[in-house]
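A quick write-up on the structure given underneath.
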Amino acid sequence: MLHHTKLSVEVFILPGEKRSDDFIINLERLTVQNIAHHFINVEKKLPTIKPEHIVIDALFGTGLNKPLENLPAQIVELINQSNARIISIDIPSGLFADKTSRHNTIIKASETLSFQTNKLAFMIAENGDYIGNVHILDIGLHQKFYDETNTQFAAIDKDLIQTIYKPRKNNSHKYDYGHALLFTGSKNMMGASILCGKACLRSGVGLVTIHAEENAISTIHVALHEALTTTENDPEKIWNKKNTIAIGPGLEASSSNSNKLQQLIKHFTGPIVIDATALTLLAEFPELLFQRQQNPAILTPHTGEFEKLFGKTMNDFERIELALHKASTLNCYIILKGHHTFIATPNGKGFFNTTGNPGMATAGSGDALTGMVTGLLAQGYTQLQACLLSVYLHGLAGDIAAEKFSQEALIAGDIIDCFGEAFKTITK
C-alpha cells in the first residue's frame, strides 16, 4: 500500500522455518511488484537506518513468550539506536502482552497500532517507554465473541461510565445527596483538608463536615464557605447522620488518630475511605478490614503507601496481582493510584482507568480523588460504582485542566475546578 502511494519502501525479513500461507502470498506480491526485500542473516550487513527514516516494526506480535536474543535482539537494538520514528504493529517487538518484560530487549515505539482492545501491557507504567502513543484500531472482530469472553481485567471507559452515572432528580433537596464526614488536616497540613473538602463538595454531595483541630477551623471557613466543621471527638455524636466517612489526608501520625481509625473500621457501619496518613496507620492492623463485611473499606494508596501496607514487589505486574490478592483476602477495594489507576475489587476483578495524564502527578491530586469518591459514596453509589466513577471523572477533569493550563503548570486545585466540566462531558 505504501509502495502504491509512491513512497520508497524496503522490507527486511527475519530468517525462519515456519511460514504462514499469508506470508508466502505477500512475499510473492513483493517480488511481482518489484519491491526491495531482503532476508537478514548474520553474514549479511544489517540494514542502515537513518533518523529521517520511518521504521515499521512487525517483527513479533502478542504470541512472543520468551525474551529476544541473538539476531532479533541485534535488530531491535539497531532500530532503537537509529533515532528514526518507529511505528509498531500489534505490540512493540520484545514486549510481553501479559507479564513483565523487565530486562527484555524491546522496541521503543513512537506509535503503537494495535487491534480491537487494549493489551494488558499497555496499561502498565513500567512499559511506558516502549509503547509510545497507543492507537486501538477496530478490525471488525465479532462483538458477541468480545462480550462472551471472560477476563479478569476491564477498562473504565465512557461506555462503562454511562451505565453508572445517575443524573440528579428534578424534585430533590440536599439531604437526598448525603452527608460526608472528613477526618482530614492537622494544623500544619490544612491544604490537604481543604482540597479534599472542596473536591467532596464538587462531587455533588449534599453536605460536607470536616473534623479538624480547634486552631484550624477558621482556615477551613475562609477557604470553604459551604463546608461545616466540628471538633467533636465523641464517635456517637460525630458519626450521627453521616452517610460516609473519609480519613487520612493531612492527618498527623499519632496514637490518637490511630485509635480513631480503629474505631471507625470496627464500629461505623457506613462506607469508609482510607487515604494518606491513615494508610500508614493502617499498616499496624490491616486484618481489621476483614471485619467490614457489610460495607468494605476503600483504600486509595499511591505506590509507596501500597508497599508500606502490603510489602515491596519486583514489578508492576506483581503489584497488581498483590492488590487483587489483598482486596480479596481483606474484603476491601483498593484504588492503586498511578499511570492508568488500577482498582482491585474483593471478587478478584480489576479495572484500569483510561483518563488522566502525567500533569496529575502533583501534590494534592490524591486528596482530590479521596474527596470525590467519598462524595459519591454519600450520594448512594455502591463502593464499586464510586471507585469507577471517581477515578474516571478525576482523570477526565485532569485532562480538561491540562488542555487549559498545560501538564507542567497543572495543580490539584485546577483538577477540582474542572470537575464541573467533567460532569458535563459524561452527561452529554
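The values are calculated or read from the model by the stated rules, or taken from the named source; none is laboratory data. These numbers come from a predicted model, not from an experiment. Glycine also receives a Cβ, built like all others from the backbone with ideal geometry; neighbour counts cover every protein chain displayed.
Of everything in the stretch 311-325, what is over 17 Å from the mean Cα position of the chain (by Cα) and either touching a residue at least 60 places away in the same chain (Cβ under 8 Å) or at positive phi (or both)? Give them in sequence order.
Initially, the stretch 311-325 is screened for residues over 17 Å from the mean Cα position of the chain (by Cα), giving 311-314, 325.
Correct list: GLY311, MET314.
Can you name the residue in the stretch 1-60 that is of a type in the set (Asp, Glu) and assigned to a loop (DSSP other than H, G, I, E, B) and is also farthest from the chain's Cα centre (by Cα) among such residues?
So the first thing to find is which residues in the stretch 1-60 are of a type in the set (Asp, Glu), and the list is 10, 17, 21-22, 28, 43, 52, 57.
Then keep just the ones that are assigned to a loop (DSSP other than H, G, I, E, B); that gives 17, 43, 52.
Values: GLU17: 41, GLU43: 46, GLU52: 35 Å.
Here the residue is GLU43.
Contact list please: Cβ distance under 6 Å, first residue in the stretch 291-310 and over 24 Å from THR269 (Cβ atoms), second residue among the basic types (Lys, Arg) and assigned to a helix (DSSP H, G or I), pairs at least six apart or on different chains.
PHE310/LYS326
Checking the structure you have, find out if any residue of the stretch 386-404 is assigned by TED's automatic domain parsing to the domain that holds GLY366 and not in a helix (DSSP H, G or I). Can you show your working first?
At the first step, the residues of the stretch 386-404 found to be assigned by TED's automatic domain parsing to the domain that holds GLY366 are 386-404.
Going one step further and asking which of them are not in a helix (DSSP H, G or I), we end up with none.
There is no residue in the stretch 386-404 that is assigned by TED's automatic domain parsing to the domain that holds GLY366 and not in a helix (DSSP H, G or I).
Would the stretch 235-245 turn up any residue that is surrounded by 23 or more Cβ atoms within 10 Å (Cβ to Cβ) and not charged (D, E, K, R)?
Looking only at the stretch 235-245, we keep the residues that are surrounded by 23 or more Cβ atoms within 10 Å (Cβ to Cβ), and these are 244-245.
Keeping just the survivors that are not charged (D, E, K, R) gives 244-245.
Within the stretch 235-245, one or more residues are surrounded by 23 or more Cβ atoms within 10 Å (Cβ to Cβ) and not charged (D, E, K, R).
Looking only at the stretch 228-252, how many residues end up being part of a loop (DSSP other than H, G, I, E, B) and in contact with a Cys (Cβ under 8 Å, 6 or more places away or on another chain)? Can you show your working first?
Within the stretch 228-252, the subset part of a loop (DSSP other than H, G, I, E, B) is 231-234, 240-243, 248-252.
Still in the running and in contact with a Cys (Cβ under 8 Å, 6 or more places away or on another chain): 249-250.
Summing the residues that are part of a loop (DSSP other than H, G, I, E, B) and in contact with a Cys (Cβ under 8 Å, 6 or more places away or on another chain) in the stretch 228-252 gives 2.
Within the stretch 187-203, how many residues are assigned to a loop (DSSP other than H, G, I, E, B) and crowded, with 19+ Cβ neighbours inside 10 Å?
Step one: list which residues in the stretch 187-203 are assigned to a loop (DSSP other than H, G, I, E, B), which gives 187-189, 203.
Right, trim to crowded, with 19+ Cβ neighbours inside 10 Å and you get 203.
Of the residues in the stretch 187-203, 1 are assigned to a loop (DSSP other than H, G, I, E, B) and crowded, with 19+ Cβ neighbours inside 10 Å.
Only one of ILE13, ILE40 is closer than 23 Å to PHE115 by Cα, in contact with a strand residue (DSSP E or B) (Cβ under 6 Å, 6 or more places away or on another chain), surrounded by 10 or more Cβ atoms within 10 Å (Cβ to Cβ) and not basic (Lys, Arg). Can you tell me which?
On the way: ILE40 fails: closer than 23 Å to PHE115 by Cα.
Testing whether each residue is closer than 23 Å to PHE115 by Cα, in contact with a strand residue (DSSP E or B) (Cβ under 6 Å, 6 or more places away or on another chain), surrounded by 10 or more Cβ atoms within 10 Å (Cβ to Cβ) and not basic (Lys, Arg) leaves just ILE13.
Please verify whether GLY94 is in contact with a helix residue (DSSP H, G or I) (Cβ under 7 Å, 6 or more places away or on another chain) and assigned to a loop (DSSP other than H, G, I, E, B), treating the condition exactly as stated. Before the answer, list the steps.
Working: in contact with a helix residue (DSSP H, G or I) (Cβ under 7 Å, 6 or more places away or on another chain): yes; assigned to a loop (DSSP other than H, G, I, E, B): yes.
Yes: the conditions hold for GLY94.
What residue, of ALA223, ALA253, ALA212, is crowded, with 19+ Cβ neighbours inside 10 Å and hydrophobic (A, V, I, L, M, F, W, C)?
Numbers: ALA223 fails: crowded, with 19+ Cβ neighbours inside 10 Å; ALA253 fails: crowded, with 19+ Cβ neighbours inside 10 Å.
Matching residue, one of ALA223, ALA253, ALA212: ALA212.
If GLY359 satisfies every condition in (1) assigned to a helix (DSSP H, G or I); (2) surrounded by 23 or more Cβ atoms within 10 Å (Cβ to Cβ) but one, which is the exception?
Just one mismatch for GLY359, condition (2).
Quick grid of which residues meet (1) surrounded by 14 or more Cβ atoms within 10 Å (Cβ to Cβ); (2) at pLDDT 95 or above:
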residue	(1), (2)
PHE23	no, no
ASN34	no, no
LYS44	no, no
ILE49	yes, no
LEU64	yes, no
LEU68	yes, yes
PRO72	yes, no
ILE75	yes, no
ARG85	yes, yes
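Within the stretch 269-282, track down each residue that is touching a strand residue (DSSP E or B) at 6+ places or on another chain (Cβ under 9 Å) and surrounded by fewer than 20 Cβ atoms within 10 Å (Cβ to Cβ).
GLY270, the sole residue that qualifies.
Can you work out which of the residues in the stretch 406-416 that are in contact (Cβ under 8 Å) with a residue 40 or more places away in the chain and outside any loop (DSSP other than H, G, I, E, B) is surrounded by the fewest Cβ atoms within 10 Å (Cβ to Cβ)?
Per the criteria, the residue is GLY413.
Counting just the residues of the stretch 99-112 that are under 21 Å from the mean Cα position of the chain (by Cα) and free of Cβ contacts under 8 Å to residues at least 60 places away in the same chain, which one comes out surrounded by the fewest Cβ atoms within 10 Å (Cβ to Cβ)? If you could, list the steps in order and put the result at the bottom.
So the first thing to find is which residues in the stretch 99-112 are under 21 Å from the mean Cα position of the chain (by Cα), and the list is 99-102, 111-112.
Within this subset, residues satisfying the condition of being free of Cβ contacts under 8 Å to residues at least 60 places away in the same chain are 101, 111-112.
Values: SER101: 21, GLU111: 14, THR112: 25.
Once the filter is applied, the top-ranked residue is GLU111.
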